Each structure stands twice: as structure tokens, then as C-alpha cells.
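Please read the structure below before turning to the comments.
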Amino acid sequence: MKLHSIRLPHFNDSAEILTVKTIMPSKVVISMSQHGGVPCTPLVKEGDTVKTGQLIGTSDAVISAPVHSSVTGTVTGITEIINIMGKRNKAVVIETADEQVMHESVKPPIVNDRESFIQAVKESGSVGLGGAGFPTYVKLNYDRKLSNVDTLLINAAECEPYITSDYRAIIEEGKELIEGIKLIKSYLEIDNAYIGIEADKPKAIEQLTMMCSKEQGIHVKKLPSAYPQGAEKVLIYNTTGRILKEGELPVSVHCLVMNCSSVIFISKYIKTGIPLINRRITLDGNIINRPVNVIVPIGTQLSELLNFINVRKQPNRVVFGGPMMGSSVYDPETPILKTNNAVLFFENTAAGQEPTPCIRCGRCVRACSMNLMPTELEAAYDARDIEKLKKLKVNICMNCGACSFVCPAKRNLSEKNQLAKILLRNGG
């Protein structure tokens, strides 16, 4: 079986530029919802002095991840923000001090077995850095009686245009990536690891291949340069030949999938104890004079980034993430989250074009890597036909946007699929 895919322009002008370290904003706005799952409750109040790495938000829920201060400073407020998904959540506002000091609690964790390793990852605040933001410790804490995971898959595909933050992480911190893989393999007793990376990254492939030649059970898998190569189901199939069915998790096919930046962070945390308080993000777009990757504290606001970069014109659209699966930002004070890997600035985008009638060309069907029928799904959603949506398997749509991208009629196919999944979750 061959999965469908599409070709996208790369626009990866930031790929061979060294990461800039670090923007220090005048203040940060740190959301208590930095992950998939239950938001945290603030542990600080207005007027408190906090230090870098200090725990400032936590939750007793299983599906959650603690939140730490990304700067040293004074808490100037506990506020409520609206995230890019339209949901309200609490946030801690911290005015940055001149002197940055690491909190006393920041020290390497004591790890000597599987349980203490998973606990350390939990306390680090680690979430999936590929975009989904699922708490990492939950992913690692699978039931070995129910699932015998034999393969660790490292997602280094980075298939969206413009984004090069994972690529720069590999080039600059490849040693930490290999060390992180070895830690996970050792403590979770996984035999083999594969680093899945697109063929259009020869420098990274050469570097990783050389490193892995000295390691037991760690391999580099060169993947076709096609979109959506980085999608979990696609990565699993193209790397192992295993098929992830509707409703299944990767552990169902004996795989554990992790983003390369997540693995690098775990390696560094085990050595330093510094929690997840900053992110490497790509700053690019069609009005940027010098695209670059930067490391910024979590909670840095969009306005600070706009002041930092060199733009030819004011953007009329800003996107968090990639142009295919990212989200448009409407508020210049929106803060960076743990899950952000890029901020893209555009003018003269095609947004707002009115769709025209479907011409039945079939391009969307040929583009869908999950072999869905986007036009039929659109019609079923418009008719609110719950049973047909189930029959057409809308829930396996990955929201990659390929169908909308290739549609000559500019129909909102991908968007309709997401609305259809919400319709099913709400029972119609």
C-alpha cells in the first residue's frame, strides 16, 4: 500500500542559520493551559517574586503537565486570556527583572529506574513539542502488560513549509538527541529506535547516520520528501509498515512516537534539571527580511517578536505553527506556548477567497493520505448526516489540510472535517 501525499514548496531560508539565543522580553504571560488536558491552577499571586524554573502552576489531574516560570521577576497579575482556539484560561503575568536567577529547586533529578524516569519527565513539565502538546510522561507511562512496545520512532520529518526549528535542534544538539534516545530505550526497555527524517535534509541525515553508526539499536530512516510525512500514522507506516487503525494509539502497534525536540529536551533536563521554560521557534514568512530561529521564554508575547524581527511591511496575517496546520493569531499580545514551533508573518494571503462549486476533479481524494473522500465528507457535514460521517470515517482525518490546499474551487474541506468531528463528539 502506498500512501497519498502532496508536494509543497519549502521556503526554509532559516535552515542554515545558527539559532539566536535568547530574546528576553520585558514581561511574560504564562498560560496555565500549556498542554493537551486539564489546565493548571496558579500557585502564585500578585506581588510574589518568582525565579526562573520555579513551579507556578500544577494540577492533580492525570492528563496535565506542571507549568514553571520562564523568567525571574515579579508577578503583576493573575489574568484570563483567550487562546487561539477561542477558549478562556488563566495566565500568570510576570514582569521581568534585570537579574535572572535560577530557582533553588532546579537540580538534576535522581533517576535509577523506569518509574523514577517517568516521574522526572512529569516534573519537568514536558509536553509533545511537535504541536499536539500531550503530556510526555503520560505517553511514556503505557501499560507494558497490554502493549509490548518494541520500537521508538523519533519524528524529525518537519514537513511543513517555513518551519526549521526541529532541523536546527538536530544540527545544533544532535548529541543530546542521541543521549535522549538512549535514555528512553534504556528505562523503557525498547529494543530499536528509528529517527524518521525527510530526504530533503541531507546534512542532518549525514550527521545522524554518523552518530548512530556507533550506537546499538538506533537507526536513521530516510523518508520521502512529501507532505504530510510528519503525521503520526504516516510516519509509523512509512517507517515500520504497521497500520494504525481508527481509534488506536501508536502503542497498539507496538510503537512509541516522540518528536525530536521533545527527546532533546528530556536529555537536557535529566542532566540539568531545568524544566520546559523556553522554546526554539522559527520566525519567517513572506515579509521577513532575515528568517531565523530564536530561543524565547515561554509566555513571550507576539508583539515582542514583532519588535525583534526585521519586516518589510506590517503583516496582515500571523500564524502560530505552519501554513498547513497552524492557527491564525488575532491578538498581538498572544503569548508563546510550549507547543509553538514557529511564528509566520504574511501579507497578501489568499485568505477570504470565496469558494466556488465543486468541479468533481478528484484532486482532494488523490491528496488524502488517509484515503478519505473530502467532498463526500463535506456534503455529509452540511447535511448533518451523523451516520454517513461515521461511515466515511471522518475521525481518522488528521487535519493536514492537503485537501483544501489542492482544491481548485478553494472549498473549506479540511475545516469542514474538523467541524464534523466536533459534531460527532457532541452527539449531533
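Only the coordinates and a few stated rules stand behind these numbers; no lab work does. Just so you know, these numbers come straight off a predicted model, no measurement behind them. We place every Cβ from the backbone using ideal geometry, glycine too, and count neighbours over all the protein chains shown.
Each residue of segment 180-187 was assigned a 3J(HN,Hα) from its phi angle through the Karplus curve 6.51 cos²θ - 1.76 cosθ + 1.60 (θ = phi - 60°); the sequence is x, 4, 5, 4, 5, 4, 5, 6 Hz, with glycine and proline shown as x. Between the amide H of residue 218 and those of 193, distances stay under 5 Å, these residues lying 5 or more places away or on another chain, with hydrogens modeled in the peptide plane.
Looking at the square roots a ≥ b ≥ c of the eigenvalues of the Cα gyration tensor of segment 278-370, which shape do they give, rounded for a/c under 1.5, prolate if a/b is larger than b/c, or oblate? If you can, show how the numbers build up before the last one.
Numbers: a/c = 2.46, a/b = 1.81, b/c = 1.36.
It is prolate, given that a/c is not under 1.5 and a/b is the larger ratio.
Quick one, which of (1) 22.5; (2) 23.5; (3) 21.8 is the actual Kirkwood radius over Cα pairs in Å calculated for this model? Read-out from the structure maps to (1). Normalising the average separation of contacting C-alpha pairs (under 8 angstrom, six or more residues apart) by the number of residues puts the relative contact order of segment 363-425 at 39 percent. A simple packing score, the average count of other Cβ atoms within 10 Å per residue, orders the peptides 99-109, 220-230 as 220-230, 99-109, with the highest score first.
Taking a 25 Å limit on the Cα-Cα distance, which of the listed pairs 233/421; 221/391; 87/271; 203/268; 122/338 fall beyond it? If you can, show how the numbers build up before the last one.
Details: 233/421 18 Å; 221/391 35 Å; 87/271 36 Å; 203/268 23 Å; 122/338 14 Å.
Violating the 25 Å limit, Cα to Cα: 221/391; 87/271.
Normalised size of segment 363-425, defined as Cα radius of gyration per 2.2 N^0.38 Å with N residues, equals 0.97.
A viscosity of 1.567 mPa s and a temperature of 4 °C, combined with the Kirkwood radius over Cα pairs in Stokes-Einstein, give a translational diffusion coefficient for segment 114-272 of 83 µm²/s. Counted over the chain, the DSSP beta bridges are approximately 60% antiparallel.
Taking a quarter of the surface of the convex hull around the Cα atoms of segment 256-414, what do you get in nm²?
12.3 nm²
Judged by a Cβ-Cβ distance under 4.7 Å, the unpaired cysteines of the chain are 40, 159, 212, 255, 260, 358, 361, 368, 397, 400, 407. Across segment 114-272, C-alpha contacts under 8 Å between residues 6 or more apart give a mean separation that, scaled by the residue count, equals a relative contact order of 33 percent. Relative contact order for the chain: 19 percent, from Cα pairs under 8 Å spaced at least 6 residues apart, divided by residue count. The 3J(HN,Hα) values that the Karplus relation (6.51, -1.76, 1.60; θ = phi - 60°) gives for segment 83-93 are, in residue order, 7, 5, 8, x, 9, 8, 8, 6, 8, 9, 9 Hz. Gly and Pro appear as x.
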